Each structure stands twice: as structure tokens, then as C-alpha cells.
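Presented below is the structure to which this report refers.
The values are calculated or read from the model by the stated rules, or taken from the named source; none is laboratory data. Bear in mind the structure is a predicted one, so any value in this text is a computation, not a measurement. Virtual Cβ from ideal backbone geometry, glycine too; neighbours counted across all protein chains shown.
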Amino acid sequence: MEFLSDPWGLTEQSGGEEHSNIDLKSLRVRDTLKNLNIADQPWEKLALLIGDDEQDDSDFLPLLEKIDDINNREVTGVTLLIYCIVFDRPSYIELLHGSGKLDPNLPDNLYLNSPLTWCFNLNRQQCALELLNFAEELDIGYKNPGGSTALELLVPGTAMYEFSKDHGLFQLGKISDGSTNDLYKASKSAFGTTDVDQTIDQIDLQTAGLSLNGDPLSTNYDIDENSGALYTTSHPDSQDELQNFDFDHILPGQFIEFSDYDIPRLLELVISMPFKKPHKTCIPAAIIFQCIRYADYNKESVSLVESIAHLSLVKILASITTTSGGVVSNQTGDIVLQSYWLSSLNFLYYYLYRQEGFYKRYPSILQELIDGMRSLIIELNASIHSRIEPLLDSTILEHTTIAQVRETLYKKDWNLLKKRKQRQRKNDGRDSYDQILLMLYPPSLDEQMKPSPLKTVQIFGALTYVLDLHQVHPLLAQQCLSLAVQWFSVKLFNKIMDNKKKSLSRAHAIQIRLNLSVIQDWIKNHNFKAPLPEMIDEFMWQRFPHTLILSLSDIDRTQKPFELRNVTFYKPIKGDHTEDMNNSLFFYQSFYQISKIHMEPCMQLLQWLQVATSLEDEDSLESTMTILNLLTPLQLYKSIGKYRYEIDEEKFASKLRKKLSLMCHEREETDTNLPEKPICSLTLPTITELIDMYTQHEDSNELLPIVPLDIQDDVDEIHEQNIRVRKSEKEQFRPATEGGNADDEEREKATFEGGNGDELFRKLNAPSSAAQRPLWAITNDMEENPW
């Protein structure tokens, strides 16, 4: 029992004072460096370098190359890898592994703990991430002196437990991610179903940072053995029923009872979920969903259902740009928080979809969900754009890797210095072999430190990471990425047309295409495709999502009872792809195909710049324009007007210039830039797509609208506190007469049935509408961290 209450051996008594055993272990490891003699021994010097914050990191690699055995632990009893973990030097771990000699599982001689155990003990998440870079070499099953692996000793609810769960360490260790491990179950089977068993359960939950409190419905609490989610049940035998969650009937523990005066604090609880339960996006959706179920089925109040849904969405959108939970979003936008709420609204849409006929009874709620998800997609992309836009010049337009492009001589430039450098280079005596050999060497450090297209790729990668982390449906994720690539391509096209950094030239067009190939390669490596919906015929699909809110007799009417806005509809096409973004099929194409469509105008402009001066007659011009069908004659004409000619390059033929000018007058074109239209309609997934995604998932039990026990306790506490406050206020103002005030009961009954829900909404401050902020209003300040 003593080991159960303190599985890590966290405390020990010494001289009447309580000390952290982990801290003592860390201090002992640190003290081993004090016994080292400062001699000319590479291993000792490298160990001291790891432990010294003021040393120059540039000394690390030279010292490492002089060490024959980097796994040596005979000098101090501690390996260099464990020193890196104790002193929190994640960058050094990568260098140690890069030597090809590192044993990542070798324990120390002091406590026989593996490096992974040290990471868990000391909460070194960055060091653990470095170890996961070579996870195939890690021995997850290594047992420490206590007979348990590092994963078995993790306490549910702690930071390292959540870290291990999010990064799939439980799958590597063949332990169910979220189940209570053998350490916490050991005593349960020994005592059976007795009072002692309940005591052991209480100890287990307290060890996990939870507690068993009474439920207002007098129900028992169970724990999902697969997901670790806690829920209420009226009797122990209904666990499987609750895991499946009955969307058609109201069962105990599957709704939240509340009153109108609970709503403000419930909304504050919902907004705090990103900080209380990071990356658990289904929990705030489950809270809102269970409140809506109670208002709909138990209270049967239309106004209460609409009010709780509307206030929740308003609060969520307002929280992104205003102070909430002690956190203030920065001007460039927190893409983690934005993708969190996009995923949460995605789950709320899914939960309400599974309520039979809900959207038909409340079509306005579906419209608000559409507008909310669409606004979050736009806001999320605005944050990505604000980070990419300052990099377009340096990473795409100016970044040069081809020496000939950098040395190109132009007719209108001052070329004296460039010519002198070229003559010196020709007369330096190097033969072609020496020049080729020089090109094989990597670029200098100064060149490597300059911004490159990889910087832009990292920001796109950040977007895909947060969308995947929060389990956003692939169809919505496709729309986020499509909008990001579309804006990037349009912005780059307009910058080239404006001749930013003098990019209208043949040489620069070649270099820009090469820079864009880095982004195209990344898109190919991260290509995916949202699966087409199954079990739905074309007739119904063409009318979706109106089928959610209208009967078949109303769908095809000219004047519909309710018309959805800002949504796309399926339109049958001939062929295998479409370029119409108002057709739902557009987003069922692959990410690579969608990106190719968006980037095609920019690629055609670069092709035009490469071949324009080589055209000789009108036939060649017309055939070229047929190929470059996305460019207008005015764009071709203006680009030639600002074109930078090389010294030996022929000028664009005057007769062809006149031909283009005449075509421009005929078409009456006025603008050469592509319109920046980041706002588009939303494509909603069907119920079959949602069910396939969220019920066939390996963590499907965690994606049900079940509120965890600790959050349920918070909800109950809010309700009970408000009851006590209102009761005390009622007693305080009750008249001394025996009958009391008859108006008290009337006020109790008023709530939302009497229309007071509208009064609550009127008192709520309107948000600053982050979703409506135009892209041109975004600040150009950029953070170093792309997140």
C-alpha cells in the first residue's frame, strides 16, 4: 500500500523535513561533475560543457569527435546522454545520436534508470521528443529497479502522461493509452467487490489526481478501460451502453442539468477547456451538446436551446481575440487555439447531426455552426498569412541558389563591378574540375542562415500539424489548406506582377520556379484526399445540406422555408476534377490537385517570362497564349512593359507588343492583379463521413460526447453554488409576513420559457468579430516561432 500511494518514491524523510527524491537524484547526478579533474580529457571536458550554461556550444562537436566511447559511464557512473537530460540540453542529444555511436537505452550506474525514465522523472519533454526521433532504437520495455517500465510509472493526469499519450508512446509500449496500468490495478483483483475494493479504487483515482464525489442523480462512476474517460451510470452493468452513447434517448449521465443563471459560468467553463484539457476538443463540444439535450428534451424549451447554442458560439468566437482564461491572443493569431475551436465546432456539428431531426427543428443553429466554422477557417488562415507574407520576398523572390542567376547582367543596371568579378573569376586559374569540386561543398554558414523556402514550408507544416493534432475532419482540413495555398499563390502572383524586387526577368523566373518546387515537393509528401461519402444517391447529395433542415416536399421549392447561406452543393461533372470552388466535389480532390489548380496562374506567369522574348511571330504568340490560358492579354502586356532584359537578350517584338495592346483594348481589361478573395463557402461532411471518421477511429470512445468526471464535478459545483446563492438572496429579501412574496415563484418560473433568455443575450457584450477582420488589416509583425 505504501508503494501504491507513492509509486515514484517521490518523498523521503530526512531530519524531520520532506525532500523530493527526484530532486535529490538530480542533485546527485549534478554533483558527480564536481569530482572531475579539469584535465585534457575530451570526455570530462564534454561532460563539463553539458553542465555549464556559459560554455560555447561550438565546442561540442570538436570535443565529441575526440571521444572514442560516448557511452562511457565508468568515469562518473552517468552517461553523456543522461547528463544532457538532467541539464535539459535537447540540442546536444541530436548531436550525440548523429555520431552513430549512441546507445539510447544505457542506464546510469547510480540508480539504473534508463534515459527515457529520466525524461519522465524530470519532465523533460523536449529531450523526450529528441529521443522519439529515433524511437525504433528505444527499449520501451526496459524495467527499472522497481520492476516497472517508465510508462507503467506514469501517473494519469500529469504533464508527461498526456505527452506520452499524445505522441503514441503507449502504443509503442503496447499499453492502452489512457487505461489504468497494472500498477494501479494490482490490488483490485486481490480484494474482489468489497468495501476494501472501493477503498483501493479511491486510492487509484486520488493517485491519478481525481476523486469520487457524489452525483446529483445518485449514480455510480465508472471508468472506460480503453480511453480513461469517466462517466456516470445508473447501474454498473450499463457500461457498454454508455460507451456507445444513446443519441436517441436521454440516459442518466448523458445530459447536463442547468438553469438560466448557470449559463454565464458554464460558458466560462467551456472557454477554459483549451487550458484545462489541451487538445481534447470533444470535451467543450460535449458540454454544449449535453446542455442543449437537456434544454431540448427535458425542458422542451425552444428559446433555451437556441439561446445556449447562440451564446456558446458567440463566446467561442469572442475568446479568440479577447482576453479569456487569463490568456490574450496575439495579433498574428494563435493557430493552436483557433484550430482547437474549429475542431470543437466540428464535433458539435457531428453530435447534433446524430440527434434525429434536430436540425429540422432548429435550422438557425445549423446556420450559426456553418458561419462559426467558416469564420474560424478564415481566421486560422489569416494567422498563417500574417506569418507567410513577410517571408515572400526573402524566401521566394530573393532567395537565389543558382550562381548564374546571381551574376546575370541586365541592360539598365550598373554592371561594372559584376563584370570585374566575372573577369577575376575567369582568370583565377581554376580548371573546370576545381570549380565542380567547389560546388560539391555545402554552402557557407552565412548562406545557410539566410531565409529559404523551407521557412515557408515550416509554416504550412504548422497548419497541417495542428489540424491533425485536433482531429479536424479531413474535408474541413482540406478547405483550410486549400484557402492557405490559394492566398499564397495569389499574393505571390501579384508581387511578381508589381515587379517586386525586380522579379520580371527570365533568370529570376527560373529561380522562383525552383524555389516553388520546394513547396510543391512538400505538398506531394503531405498529399491526402477526403473520402467521398458513401450510401448517398446523387439526388440527395445534390440537395445536401438542405436535406438536414427541409422535408423533400420543400427542398425544390423556389421559396424555401429556410435558406442556408455560405455553403456549397454537389454538382455532377464530366471528368475526374473540377476547378469550381462552389462545387462540393472540389474539396474531395487530392490536396496535390487542389494546390496545382491554385498555383497554376503563378506557374504560367513564370513560364511566360521564360519564353516571351523568344517569340518571333503572331502564330507563336497565339499558340503560347492557348497554353497559358489563365493569363489575360493585359497581364502579358504589362509584364513585358516592366520586363528586365539581359545584356545579350533580344527585345520583345514590337509587332507582338502591338498585337497584345490591341487585344487589351478589345476586352477593356483594367486590372492585372488577381483578386484576393479569401472568403469562400463551406463544404459540410455528411453523416456517413463523420461516422466513418469518428467511430472507426482507434480512440473512438474518447470522441463520444461524454463529459469527464472532473469536468462534471465543476458543472455540478457551478449549479449547486448558484442554487445556494439564489436561496440566500431569496431568504434575505423574503418579507416577514407568513405568506412571503408571491412574486418569488413567478420569477423562478420566468427564466427562458418567459423570454428572459433574450434579455440575457442582450446583456452580453458583442465580440470583436475576429472572423470578419480583412486580410489587409493584419499586422506585418512576425513571430520567430511559426506556431
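Residue count for the stretch 532-551, restricted to those that are outside any loop (DSSP other than H, G, I, E, B) and touching a residue at least 24 places away in the same chain (Cβ under 8 Å): 5.
Only one entry in PRO264, PRO284 is under 27 Å from ILE723 (Cβ atoms), surrounded by fewer than 24 Cβ atoms within 10 Å (Cβ to Cβ), at pLDDT 90 or above and in contact with a helix residue (DSSP H, G or I) (Cβ under 9 Å, 6 or more places away or on another chain), namely PRO264. Listed by first and then second residue, the pairs linking a residue in the stretch 320-349 that is in the same structural domain as MET693 (by TED's automatic domain parsing) and within 19 Å of VAL466 (Cα to Cα) to a residue that is at pLDDT below 85 and in a helix (DSSP H, G or I), with Cβ atoms under 7 Å apart and 6 or more places separating them unless they lie on different chains, are ILE320/ALA770; THR321/ALA770. Select, from ARG657, ARG667, the only residue that is out of contact with any Asp or Glu (no Cβ under 8 Å at 6 or more places or on another chain) and modelled with pLDDT of 90 or more. The unique qualifying residue is ARG657. The test for being outside any loop (DSSP other than H, G, I, E, B) and touching a Cys at 6+ places or on another chain (Cβ under 8 Å) does not hold for LEU95.
Can you name every residue in the stretch 651-670 that is of a type in the set (Asp, Glu) and either surrounded by 11 or more Cβ atoms within 10 Å (Cβ to Cβ) or touching a Leu at 6+ places or on another chain (Cβ under 7 Å) (or both)? Listed by number, the list holds a single entry, GLU669. Just one residue in the set GLU44, GLU74, GLU65 is touching a Pro at 6+ places or on another chain (Cβ under 9 Å) and without any contact (Cβ under 8 Å) to a residue 40 or more places away in the chain; that residue is GLU65.
Quickly run through the stretch 383-417 and pick out the residues that are among the hydrophobic types (A, V, I, L, M, F, W, C) and either modelled with pLDDT under 90 or at positive phi (or both).
ILE402, ALA403, VAL405, LEU409, TRP414, LEU416, LEU417
Going through the stretch 125-161 one residue at a time, which ones are touching a His at 6+ places or on another chain (Cβ under 8 Å) and not aliphatic (A, V, I, L, M)? Of everything in the stretch 125-161, those that are touching a His at 6+ places or on another chain (Cβ under 8 Å) and not aliphatic (A, V, I, L, M) turn out to be GLU130, ASN133, PHE134. Which residue pairs have Cβ atoms closer than 7 Å, lie 6 or more positions apart in sequence or on different chains, and pair a first residue in the stretch 662-678 that is more than 17 Å from GLU600 (Cβ to Cβ) and of a type in the set (A, V, I, L, M, F, W, C) with a second residue that is surrounded by 10 or more Cβ atoms within 10 Å (Cβ to Cβ) and at pLDDT 85 or above? Pairs found: MET663/PRO633; CYS664/PRO633; CYS664/LEU634; CYS664/TYR637. Being in contact with a Pro (Cβ under 7 Å, 6 or more places away or on another chain), assigned by TED's automatic domain parsing to the domain that holds ASN346 and under 24 Å from GLU720 (Cα atoms) is a description that does not apply to VAL305.
Here TYR694 fulfils each of the conditions (1) crowded, with 17+ Cβ neighbours inside 10 Å; (2) more than 30 Å from GLU257 (Cα to Cα); (3) touching a residue at least 24 places away in the same chain (Cβ under 8 Å) apart from (2). When every residue of the stretch 621-630 is checked against the conditions, at least one turns out to be of a type in the set (Ser, Thr, Tyr) and either part of a loop (DSSP other than H, G, I, E, B) or surrounded by 15 or more Cβ atoms within 10 Å (Cβ to Cβ) (or both). Residue count for the stretch 118-141 satisfying the condition of being surrounded by 18 or more Cβ atoms within 10 Å (Cβ to Cβ) and over 28 Å from the mean Cα position of the chain (by Cα): 1.
Can you tell me which residue within the stretch 97-112, out of those that are among the polar types (S, T, N, Q) and at pLDDT below 90, is farthest from ARG73 (Cα to Cα)? So, considering only residues that are among the polar types (S, T, N, Q) and at pLDDT below 90, the one farthest from ARG73 (Cα to Cα) is SER99. Whenever a residue of the stretch 282-299 is part of a loop (DSSP other than H, G, I, E, B), its partners that are buried (at least 21 other Cβ atoms within 10 Å of the Cβ) and of a type in the set (Val, Ile, Thr), lying with C-beta atoms within less than 9 angstrom and at least six residues away or across chains, give the pairs LYS299/VAL305. Residues in the stretch 130-173 that are among the aromatic types (Phe, Trp, Tyr) and part of a helix (DSSP H, G or I) were compared, and the one that is modelled with the lowest pLDDT is PHE170.
For ALA477, the conditions (1) buried (at least 16 other Cβ atoms within 10 Å of the Cβ); (2) at pLDDT below 95; (3) in contact with an Asp or Glu (Cβ under 9 Å, 6 or more places away or on another chain) are fulfilled apart from (2). Within this structure, SER26 passes the test of being surrounded by fewer than 19 Cβ atoms within 10 Å (Cβ to Cβ) and at negative phi. Screening the candidates LEU116, LEU49 for the property of being without any contact (Cβ under 8 Å) to a residue 40 or more places away in the chain, touching a Phe, Trp or Tyr at 6+ places or on another chain (Cβ under 8 Å), under 26 Å from ALA159 (Cβ atoms) and assigned to a helix (DSSP H, G or I) yields one hit, LEU116. The number of residues in the stretch 636-650 that are in contact with a Leu (Cβ under 7 Å, 6 or more places away or on another chain) and assigned to a helix (DSSP H, G or I) comes to 3.
Limited to the stretch 552-604, what total is found for residues that are outside any loop (DSSP other than H, G, I, E, B) and either surrounded by fewer than 15 Cβ atoms within 10 Å (Cβ to Cβ) or touching a residue at least 12 places away in the same chain (Cβ under 8 Å) (or both)?
25
Among the residues of the stretch 81-106, those that are surrounded by 22 or more Cβ atoms within 10 Å (Cβ to Cβ) and out of contact with any Phe, Trp or Tyr (no Cβ under 7 Å at 6 or more places or on another chain) comprise LEU81, TYR83, ARG89, ILE93, LEU96. Of note, SER324 does not satisfy the criterion of being among the hydroxyl-bearing types (Ser, Thr, Tyr), under 23 Å from VAL707 (Cβ atoms) and at pLDDT 95 or above.
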